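What follows is a short report on a single structure.
The values are calculated or read from the model by the stated rules, or taken from the named source; none is laboratory data. Just so you know, these numbers come straight off a predicted model, no measurement behind them. Cβ sites come from the backbone with ideal geometry, for glycine too, and all protein chains shown count toward neighbours.
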Amino acid sequence: MILIVASNKDNAGLNISKQILCDFNFKKASENFQGNKVYEAEVDGVDIKLVTLNKEPVFAQDLTSFFKEIELVIFVSRHSSLSGTPTLSVHTPGNLGAAELGGLPKSVSVSPATAMRECLKAMARLKNEMHLEYEVSYECTHHGPSLNVPAMFAELGSSPKQWSDQKAAEAVALATMEAISNFGKIEAGAVLGVGGPHYNMKFTKMALESDVAFGHIIPKYAVPYIDEEIVRQCVKKTLEKVEYAVLDWKGIKGEHKTGLIKMLENLGLAIRKV
(Lines give C-alpha, C1' and ligand atoms only; values in the text may rest on other atoms or scores of the structure.)
Protein backbone atom coordinates (compact mmCIF):
# COMPACT_ATOMS: atom_id res chain seq x y z
CA MET A 1 0.00 0.00 0.00
CA ILE A 2 1.18 3.52 -0.83
CA LEU A 3 0.30 6.31 1.56
CA ILE A 4 -0.07 9.99 0.64
CA VAL A 5 0.01 12.21 3.72
CA ALA A 6 -1.07 15.84 4.13
CA SER A 7 -1.62 17.91 7.28
CA ASN A 8 -4.35 20.20 8.54
CA LYS A 9 -1.58 22.51 9.74
CA ASP A 10 -0.11 22.88 6.25
CA ASN A 11 -2.00 24.94 3.67
CA ALA A 12 0.24 23.85 0.79
CA GLY A 13 -0.19 20.17 1.66
CA LEU A 14 -3.98 20.58 1.80
CA ASN A 15 -3.97 22.31 -1.59
CA ILE A 16 -1.87 19.53 -3.12
CA SER A 17 -4.10 16.82 -1.66
CA LYS A 18 -7.23 18.60 -2.95
CA GLN A 19 -5.71 18.64 -6.43
CA ILE A 20 -5.01 14.90 -6.19
CA LEU A 21 -8.64 14.26 -5.25
CA CYS A 22 -9.85 16.47 -8.12
CA ASP A 23 -7.62 14.94 -10.79
CA PHE A 24 -7.73 11.25 -9.83
CA ASN A 25 -10.42 8.73 -9.04
CA PHE A 26 -10.23 8.57 -5.24
CA LYS A 27 -13.23 7.49 -3.18
CA LYS A 28 -14.01 8.08 0.47
CA ALA A 29 -13.04 5.06 2.57
CA SER A 30 -15.12 3.65 5.41
CA GLU A 31 -12.40 4.49 7.93
CA ASN A 32 -11.32 7.83 9.42
CA PHE A 33 -7.88 8.84 10.64
CA GLN A 34 -7.48 11.33 13.50
CA GLY A 35 -11.08 12.33 12.83
CA ASN A 36 -10.34 13.13 9.18
CA LYS A 37 -11.70 11.46 6.05
CA VAL A 38 -9.53 8.83 4.39
CA TYR A 39 -9.60 8.47 0.62
CA GLU A 40 -8.52 5.46 -1.38
CA ALA A 41 -7.85 4.54 -4.99
CA GLU A 42 -6.27 1.87 -7.13
CA VAL A 43 -3.86 3.10 -9.79
CA ASP A 44 -2.21 0.57 -12.10
CA GLY A 45 -2.94 -2.20 -9.61
CA VAL A 46 -1.49 -0.27 -6.65
CA ASP A 47 -3.62 0.47 -3.57
CA ILE A 48 -3.29 4.07 -2.44
CA LYS A 49 -4.63 5.84 0.62
CA LEU A 50 -4.66 9.60 1.16
CA VAL A 51 -4.81 10.68 4.79
CA THR A 52 -4.68 13.98 6.66
CA LEU A 53 -2.82 14.50 9.93
CA ASN A 54 -3.75 16.87 12.73
CA LYS A 55 -0.08 17.63 13.37
CA GLU A 56 2.84 18.72 11.24
CA PRO A 57 4.20 15.94 9.00
CA VAL A 58 7.67 16.22 10.58
CA PHE A 59 6.17 14.88 13.83
CA ALA A 60 4.51 11.82 12.23
CA GLN A 61 6.95 9.42 13.87
CA ASP A 62 4.12 7.07 14.89
CA LEU A 63 2.62 6.83 11.39
CA THR A 64 3.64 3.22 10.82
CA SER A 65 1.82 2.19 14.01
CA PHE A 66 -1.49 3.01 12.33
CA PHE A 67 -0.83 1.77 8.80
CA LYS A 68 0.72 -1.61 8.03
CA GLU A 69 2.45 -3.01 4.95
CA ILE A 70 3.44 0.43 3.69
CA GLU A 71 5.51 0.27 0.52
CA LEU A 72 5.98 4.02 0.18
CA VAL A 73 4.97 7.19 2.04
CA ILE A 74 4.82 10.53 0.23
CA PHE A 75 4.29 13.57 2.41
CA VAL A 76 2.84 16.43 0.36
CA SER A 77 3.75 19.61 2.15
CA ARG A 78 4.89 23.19 2.17
CA HIS A 79 8.51 24.18 1.89
CA SER A 80 9.82 27.25 3.69
CA SER A 81 12.93 29.32 3.06
CA LEU A 82 14.12 32.77 4.02
CA SER A 83 14.70 33.62 0.36
CA GLY A 84 11.09 32.86 -0.54
CA THR A 85 12.24 31.46 -3.90
CA PRO A 86 9.35 29.65 -5.67
CA THR A 87 10.48 26.03 -5.54
CA LEU A 88 9.18 22.51 -6.20
CA SER A 89 11.36 20.04 -4.33
CA VAL A 90 11.82 16.48 -3.11
CA HIS A 91 13.83 14.93 -0.31
CA THR A 92 13.99 12.06 2.15
CA PRO A 93 13.23 12.82 5.81
CA GLY A 94 15.54 11.89 8.65
CA ASN A 95 18.16 13.34 10.95
CA LEU A 96 21.87 13.13 10.20
CA GLY A 97 22.53 14.54 13.67
CA ALA A 98 20.30 15.82 16.46
CA ALA A 99 16.52 15.61 16.15
CA GLU A 100 15.80 19.34 16.04
CA LEU A 101 12.52 19.08 14.09
CA GLY A 102 10.83 15.73 14.64
CA GLY A 103 12.11 12.23 14.06
CA LEU A 104 14.87 10.49 15.97
CA PRO A 105 18.48 11.61 16.45
CA LYS A 106 20.96 10.13 13.98
CA SER A 107 18.20 8.17 12.31
CA VAL A 108 17.05 8.53 8.69
CA SER A 109 14.08 7.15 6.81
CA VAL A 110 14.47 4.68 3.95
CA SER A 111 15.15 6.72 0.83
CA PRO A 112 13.13 5.79 -2.29
CA ALA A 113 15.74 7.08 -4.76
CA THR A 114 13.91 6.11 -7.95
CA ALA A 115 10.55 7.48 -6.79
CA MET A 116 12.17 10.77 -5.83
CA ARG A 117 13.86 11.03 -9.20
CA GLU A 118 10.60 10.26 -11.02
CA CYS A 119 8.84 12.95 -9.00
CA LEU A 120 11.67 15.41 -9.64
CA LYS A 121 11.61 14.73 -13.39
CA ALA A 122 7.84 15.13 -13.49
CA MET A 123 8.11 18.44 -11.61
CA ALA A 124 10.68 19.71 -14.10
CA ARG A 125 8.52 18.70 -17.08
CA LEU A 126 5.31 20.10 -15.59
CA LYS A 127 7.03 23.35 -14.67
CA ASN A 128 7.67 23.90 -18.37
CA GLU A 129 4.34 22.57 -19.62
CA MET A 130 2.38 24.69 -17.12
CA HIS A 131 4.62 27.76 -17.53
CA LEU A 132 5.48 27.94 -13.84
CA GLU A 133 8.17 30.36 -12.69
CA TYR A 134 9.56 27.89 -10.18
CA GLU A 135 12.89 26.23 -9.51
CA VAL A 136 12.97 22.43 -9.25
CA SER A 137 15.44 20.89 -6.85
CA TYR A 138 16.56 18.09 -4.59
CA GLU A 139 16.91 19.02 -0.96
CA CYS A 140 19.27 17.26 1.41
CA THR A 141 18.10 14.72 3.98
CA HIS A 142 16.66 16.66 6.93
CA HIS A 143 13.96 16.82 9.65
CA GLY A 144 11.56 14.14 10.85
CA PRO A 145 10.08 11.68 10.76
CA SER A 146 12.65 8.89 10.83
CA LEU A 147 10.75 5.92 9.39
CA ASN A 148 11.81 2.36 8.63
CA VAL A 149 9.82 2.42 5.40
CA PRO A 150 10.51 4.26 2.12
CA ALA A 151 9.51 7.89 2.71
CA MET A 152 9.83 11.15 0.78
CA PHE A 153 8.52 14.70 0.80
CA ALA A 154 7.10 16.39 -2.31
CA GLU A 155 7.05 20.06 -1.48
CA LEU A 156 5.70 23.41 -2.67
CA GLY A 157 7.50 26.54 -1.55
CA SER A 158 8.81 28.73 -0.39
CA SER A 159 6.40 31.34 1.05
CA PRO A 160 2.63 31.74 1.69
CA LYS A 161 2.19 33.12 -1.82
CA GLN A 162 3.34 29.82 -3.35
CA TRP A 163 1.54 27.66 -0.78
CA SER A 164 -1.74 29.11 -2.11
CA ASP A 165 -0.76 28.74 -5.78
CA GLN A 166 -3.32 26.22 -7.07
CA LYS A 167 -1.53 25.72 -10.38
CA ALA A 168 1.76 24.89 -8.67
CA ALA A 169 -0.11 22.67 -6.20
CA GLU A 170 -1.51 20.75 -9.15
CA ALA A 171 2.00 20.30 -10.54
CA VAL A 172 3.13 18.73 -7.26
CA ALA A 173 -0.03 16.59 -7.19
CA LEU A 174 0.56 15.31 -10.73
CA ALA A 175 4.26 14.67 -10.06
CA THR A 176 3.38 12.78 -6.88
CA MET A 177 0.93 10.54 -8.71
CA GLU A 178 3.39 9.97 -11.57
CA ALA A 179 6.00 8.77 -9.07
CA ILE A 180 3.39 6.44 -7.57
CA SER A 181 2.26 5.03 -10.93
CA ASN A 182 5.89 4.22 -11.82
CA PHE A 183 6.79 2.84 -8.39
CA GLY A 184 8.29 -0.64 -8.70
CA LYS A 185 8.27 -0.49 -12.49
CA ILE A 186 11.42 1.58 -12.96
CA GLU A 187 14.63 1.19 -11.01
CA ALA A 188 17.48 3.62 -11.45
CA GLY A 189 21.04 3.33 -10.19
CA ALA A 190 21.02 4.87 -6.71
CA VAL A 191 23.84 7.04 -5.39
CA LEU A 192 24.67 8.81 -2.14
CA GLY A 193 25.22 12.56 -2.49
CA VAL A 194 27.68 14.40 -0.25
CA GLY A 195 28.56 18.09 -0.08
CA GLY A 196 27.22 21.31 -1.47
CA PRO A 197 24.29 23.43 -0.31
CA HIS A 198 20.91 22.44 1.10
CA TYR A 199 19.50 22.70 -2.44
CA ASN A 200 22.07 20.98 -4.61
CA MET A 201 21.56 22.01 -8.23
CA LYS A 202 24.53 19.93 -9.42
CA PHE A 203 22.88 16.76 -8.11
CA THR A 204 19.52 17.90 -9.48
CA LYS A 205 21.01 18.44 -12.94
CA MET A 206 22.64 14.98 -12.85
CA ALA A 207 19.35 13.29 -11.98
CA LEU A 208 17.40 15.19 -14.63
CA GLU A 209 19.91 14.49 -17.38
CA SER A 210 21.02 10.92 -16.64
CA ASP A 211 19.90 7.63 -15.10
CA VAL A 212 21.36 8.54 -11.71
CA ALA A 213 18.93 8.68 -8.78
CA PHE A 214 20.05 10.30 -5.53
CA GLY A 215 18.88 8.75 -2.31
CA HIS A 216 20.21 10.40 0.82
CA ILE A 217 22.04 13.70 0.38
CA ILE A 218 24.44 14.89 3.07
CA PRO A 219 25.02 18.67 2.71
CA LYS A 220 28.21 20.61 3.35
CA TYR A 221 26.95 21.93 6.69
CA ALA A 222 26.41 18.37 8.01
CA VAL A 223 29.79 16.93 6.97
CA PRO A 224 31.63 18.14 10.13
CA TYR A 225 29.39 16.14 12.48
CA ILE A 226 28.61 12.95 10.54
CA ASP A 227 30.37 9.71 11.37
CA GLU A 228 30.85 6.38 9.64
CA GLU A 229 27.77 4.90 11.29
CA ILE A 230 25.34 7.52 9.94
CA VAL A 231 26.90 7.25 6.47
CA ARG A 232 26.50 3.47 6.65
CA GLN A 233 22.87 3.99 7.66
CA CYS A 234 22.29 6.31 4.68
CA VAL A 235 23.60 3.56 2.39
CA LYS A 236 21.67 0.71 4.02
CA LYS A 237 18.48 2.76 4.30
CA THR A 238 18.16 3.38 0.59
CA LEU A 239 15.53 1.28 -1.15
CA GLU A 240 17.78 0.55 -4.12
CA LYS A 241 21.40 -0.61 -3.97
CA VAL A 242 23.70 2.40 -3.62
CA GLU A 243 26.27 2.02 -6.36
CA TYR A 244 28.66 4.83 -5.40
CA ALA A 245 28.97 8.21 -3.69
CA VAL A 246 28.89 11.47 -5.64
CA LEU A 247 30.91 14.24 -3.98
CA ASP A 248 30.23 17.91 -4.68
CA TRP A 249 33.97 18.40 -4.39
CA LYS A 250 34.08 22.19 -4.24
CA GLY A 251 31.15 22.08 -1.84
CA ILE A 252 33.17 20.29 0.86
CA LYS A 253 35.69 22.12 3.07
CA GLY A 254 39.27 21.01 2.55
CA GLU A 255 39.79 19.98 6.18
CA HIS A 256 36.89 17.54 5.95
CA LYS A 257 37.79 15.81 2.70
CA THR A 258 40.36 13.29 3.97
CA GLY A 259 38.16 11.99 6.78
CA LEU A 260 35.14 11.80 4.51
CA ILE A 261 36.97 9.82 1.84
CA LYS A 262 38.29 7.42 4.49
CA MET A 263 34.74 6.81 5.77
CA LEU A 264 33.45 6.10 2.28
CA GLU A 265 36.36 3.78 1.50
CA ASN A 266 35.77 1.89 4.77
CA LEU A 267 32.21 1.31 3.60
CA GLY A 268 33.44 0.02 0.24
CA LEU A 269 31.84 2.84 -1.72
CA ALA A 270 33.37 4.02 -4.97
CA ILE A 271 33.67 7.79 -5.28
CA ARG A 272 32.91 10.18 -8.12
CA LYS A 273 33.56 13.90 -7.92
CA VAL A 274 31.50 16.65 -9.57
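Can you confirm whether V51 is closer than 21 Å to S109 by Cα, touching a residue at least 12 places away in the same chain (Cβ under 8 Å), surrounded by 17 or more Cβ atoms within 10 Å (Cβ to Cβ) and out of contact with any strand residue (DSSP E or B) (no Cβ under 7 Å at 6 or more places or on another chain)?
Numbers: closer than 21 Å to S109 by Cα: yes; touching a residue at least 12 places away in the same chain (Cβ under 8 Å): yes; surrounded by 17 or more Cβ atoms within 10 Å (Cβ to Cβ): yes; out of contact with any strand residue (DSSP E or B) (no Cβ under 7 Å at 6 or more places or on another chain): no.
When the stated conditions are applied, V51 does not pass them.
Restricting segment 191-201 to residues that are closer than 18 Å to C234 by Cβ and touching an Asp or Glu at 6+ places or on another chain (Cβ under 8 Å) leaves a set whose member that is surrounded by the most Cβ atoms within 10 Å (Cβ to Cβ) is V194.
Within segment 242-271, can you find the residues that are part of a loop (DSSP other than H, G, I, E, B) and more than 13 Å from L192 (Cβ to Cβ)? Scanning segment 242-271 gives I252, K253.
If I filter segment 126-146 for residues that are in a strand (DSSP E or B) and β-branched (V, I, T), do I get at least one hit? Talk me through it step by step, then tell me what you get.
Going residue by residue through segment 126-146, those that are in a strand (DSSP E or B) are 135-139.
Adding the requirement that they be β-branched (V, I, T) leaves 136.
Among the residues of segment 126-146, at least one is in a strand (DSSP E or B) and β-branched (V, I, T), which makes the answer yes.
How many of the residues in segment 184-218 are closer than 16 Å to I2 by Cβ and at pLDDT 95 or above? Looking only at that region, the number is 0.
Only one entry in K68, K18, K9, K37 is part of a strand (DSSP E or B) and of a type in the set (K, R), namely K37. Please go through segment 15-48 and pick out each residue that is over 26 Å from G157 (Cα atoms) and surrounded by 16 or more Cβ atoms within 10 Å (Cβ to Cβ). Hits for segment 15-48 are F33, E40, A41, V46.
Go through segment 213-241 and give me each residue that's outside any helix (DSSP H, G or I), touching a residue at least 60 places away in the same chain (Cβ under 8 Å) and either out of contact with any helix residue (DSSP H, G or I) (no Cβ under 7 Å at 6 or more places or on another chain) or not acidic (D, E) (or both).
Taking segment 213-241 and keeping what is outside any helix (DSSP H, G or I), we get 213-219, 226-227, 237-241.
Filter again for touching a residue at least 60 places away in the same chain (Cβ under 8 Å), leaving 213-219, 226, 237-240.
Scanning segment 213-241 gives A213, F214, G215, H216, I217, I218, P219, I226, K237, T238, L239.
Go through the residues of segment 233-247 one by one and say whether even a single one is more than 19 Å from the chain's Cα centre (by Cα) and more than 21 Å from A115 (Cα to Cα).
Keep residues of segment 233-247 that are more than 19 Å from the chain's Cα centre (by Cα), which gives 243-244, 247.
Checking which are more than 21 Å from A115 (Cα to Cα) leaves us with 247.
Within segment 233-247 (the criterion being more than 19 Å from the chain's Cα centre (by Cα) and more than 21 Å from A115 (Cα to Cα)), the answer is yes, since at least one residue qualifies.
Can you tell me how many residues within segment 77-102 are part of a loop (DSSP other than H, G, I, E, B) and crowded, with 24+ Cβ neighbours inside 10 Å? I'd like the intermediate steps shown before the answer.
To start, the set of residues in segment 77-102 that are part of a loop (DSSP other than H, G, I, E, B) comprises 81-86, 92-93, 96-102.
Narrowing further to those that are crowded, with 24+ Cβ neighbours inside 10 Å: 92-93, 96.
Within segment 77-102, residues that are part of a loop (DSSP other than H, G, I, E, B) and crowded, with 24+ Cβ neighbours inside 10 Å number 3.
Could you look through segment 175-190, keep only residues that are outside any loop (DSSP other than H, G, I, E, B), touching an Asp or Glu at 6+ places or on another chain (Cβ under 7 Å) and in contact (Cβ under 8 Å) with a residue 60 or more places away in the chain, and pick out the one that is surrounded by the most Cβ atoms within 10 Å (Cβ to Cβ)? Result: A179. Restricting attention to segment 111-149, the residues that are under 26 Å from T64 (Cβ atoms), crowded, with 22+ Cβ neighbours inside 10 Å and β-branched (V, I, T) add up to 2. Of the residues making up segment 234-250, those that are of a type outside the set (D, E) and either within 18 Å of V90 (Cα to Cα) or crowded, with 17+ Cβ neighbours inside 10 Å (or both) are C234, V235, K237, T238, L239, V242, A245, V246, L247.
With respect to the conditions (1) surrounded by fewer than 24 Cβ atoms within 10 Å (Cβ to Cβ); (2) modelled with pLDDT of 95 or more; (3) of a type outside the set (D, E), L156 lacks only one, and its number is (1). Against the numbered list (1) under 27 Å from E133 (Cβ atoms); (2) in contact with a Lys or Arg (Cβ under 6 Å, 6 or more places away or on another chain), R78 comes up short only at (2).
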